[in-house]
1. Please list the non-local residues whose amide H lies under 5 Å from the amide H of B:ALA33, H modeled 1.01 Å from N, same-chain partners needing a gap of 5 or more.
2. Based on the alpha-carbon gyration tensor of the stretch B:4-197 and its eigenvalue square roots a ≥ b ≥ c, which shape applies: rounded if a/c is under 1.5, prolate if not and a/b is larger than b/c, or oblate?
3. How many nanometers, to one decimal and shortest first, lie between the label point of A:ASP197 and those of its other copies, if labels sit 7 Å from Cα toward Cβ?
4. Given charges of +1 on the Cβ of Lys and Arg and -1 on the Cβ of Asp and Glu, with all other atoms neutral, how large is the dipole of the protein assembly as shown about its Cα centre, in debye to the nearest 20?
5. Check A:THR173: other-chain or 5+ apart residues with amide H under 5 Å from its amide H, H built from backbone geometry?
6. At A:ASP127, label 7 Å along Cα→Cβ: distances to the other copies, nm, ascending?
7. Within the set of other residues whose C-beta is less than 13 Å from the C-beta of B:ALA142, count the net charge using Lys and Arg as +1 and Asp and Glu as -1.
8. How would you classify the stretch B:1-42 from its alpha-carbon gyration tensor, with a ≥ b ≥ c the square roots of the eigenvalues: rounded for a/c under 1.5, else prolate if a/b is greater than b/c, otherwise oblate?
Number of protein chains: 2
Amino acid sequence: MSPVVTFWLEFASTYTYPAVMRAEAEAAKRGVALIWRPLLLGPIFKNQGMNTSPFNLFPGRGRYMIRDMERICGALEIAFKLPDPFPQNSLLAARCATALAVEDRPAFVREAFTMAFGEGAQISEPDVMREALKRVVQDADAVIARAQSDEVKGALRAATEEAEKAGVFGAPTFVCADGEVFWGNDRLEAALDWAKDHAPKERLGAI
Amino acid sequence: MSPVVTFWLEFASTYTYPAVMRAEAEAAKRGVALIWRPLLLGPIFKNQGMNTSPFNLFPGRGRYMIRDMERICGALEIAFKLPDPFPQNSLLAARCATALAVEDRPAFVREAFTMAFGEGAQISEPDVMREALKRVVQDADAVIARAQSDEVKGALRAATEEAEKAGVFGAPTFVCADGEVFWGNDRLEAALDWAKDHAPKERLGAI
């Protein structure tokens with residue numbers, strides 16, 4: 001069995017964007033399986049006493065983040081445009097990702113993040129989400145409908161609570177099977193290496 | 001002339017510790033000169049509306065930082081012990097570093113950080129600073145006396161204001177000659193690479 005890392009992502013988070021674009025290739029290099037899981041940082045920030053992004057609460061950090069993102073995306077040769085407003089309302093995007101089959105999530109997430117941070121599109125708009133879904137699945141409208149169901153709403157709330165209990169306080173966050181937590185796009189490699197180096201040993205000689 | 005990077009450091013900052021221990025070797029690899037400059041984050045945090053370290057204001061981040069530091073210091077094979085209280089009062093250490101000749105600063109800074117974060121020593125204590133200074137210069141007592149002078153106090157205040165104007169909001173921060181800012185131990189290599197790649201070109205053919 002491959003080592004596994006849970007990739008907690010928030011559609012309004014700038015640094016999640018390069019992580020989303022890099023994650024699959026870096027995981028494949030190491031033979032690590034990624035489980036892509038959307039969450040909502042809003043309730044987690046609220047529990048920390050913050051009513052918006054730290055990049056808005058601390059403008060110096062916000063200005064730095066924009067320049068840092070320009071450098072990171074430049075090196076990856078992907079476009080970067082800060083959405084306006086920032087942060088965007090990511091509720092619909094997170095519910096759509098939750099409503100999707102697990103195997104369809106990575107492609108949808110990349111489409112949605114490219115729209116949000118490559119083009120500055122409004123991911124809170126159903127038409128934008130429908131367009132992203134159409135690029136990945138046949139039944140975009142069915143996914144949007146399922147995204148509004150009580151089941152999906154509850155699953156996203158439960159996922160956010162689960163993430164917070166696991167030690168998530170920002171995004172992206174990578175959680176290894178043994179509970180080790182790595183925060184930030186710049187910790188992706190460290191998380192994958194950790195998972196690879198600390199994978200449960202195969203049982204030998206079991207007949 | 002070598003490319004130059006200003007290394008803004010705060011003696012109470014956890015992530016400054018691994019940066020201090022790594023900086024000289026990484027800079028030498030790239031032929032970049034480092035200018036080590038102490039500052040006080042207290043006034044900078046205050047201007048952001050924070051009355052203590054963000055690691056205390058946001059306990060989830062604080063717990064993560066401790067684990068992250070354990071991993072980083074483990075990989076570097078240096079000891080890590082979070083000082084109590086955290087953050088320490090770093091005023092005397094910053095004044096001592098300011099009072100030192102520029103060429104004596106790196107060695108003193110490494111001694112002081114090793115005491116603070118490797119051993120959990122109280123760097124606000126004059127006896128602890130005297131011990132760190134003794135390992136680096138002949139006249140430790142003279143440095144401690146000079147550290148209390150109006151000239152040094154004013155120079156440290158001015159340095160902190162200069163750093164804030166340059167875009168510093170945390171530590172460690174690396175500022176290149178062209179004004180490019182890199183924040184965090186994990187951006188040391190990027191800052192040095194930037195300085196190397198964006199150094200003013202030598203004039204060719206000047207006789």
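Computed from the coordinates by the stated procedures, all read-outs in this text should not be read as laboratory data. None of these values were measured; they are calculated from a predicted model. Cβ sites come from the backbone with ideal geometry, for glycine too, and all protein chains shown count toward neighbours.
1. Amide H to amide H, under 5 Å and 5 or more residues apart or across chains, B:ALA33 pairs with B:VAL4, B:VAL5.
2. rounded
3. So the label point of A:ASP197 gives 2.7 nm to the other copies.
4. 120 debye
5. Long-range HN contacts for A:THR173: A:TRP8, A:GLY184.
6. Shortest to longest, the spacings are 7.4 nm.
7. 0
8. oblate
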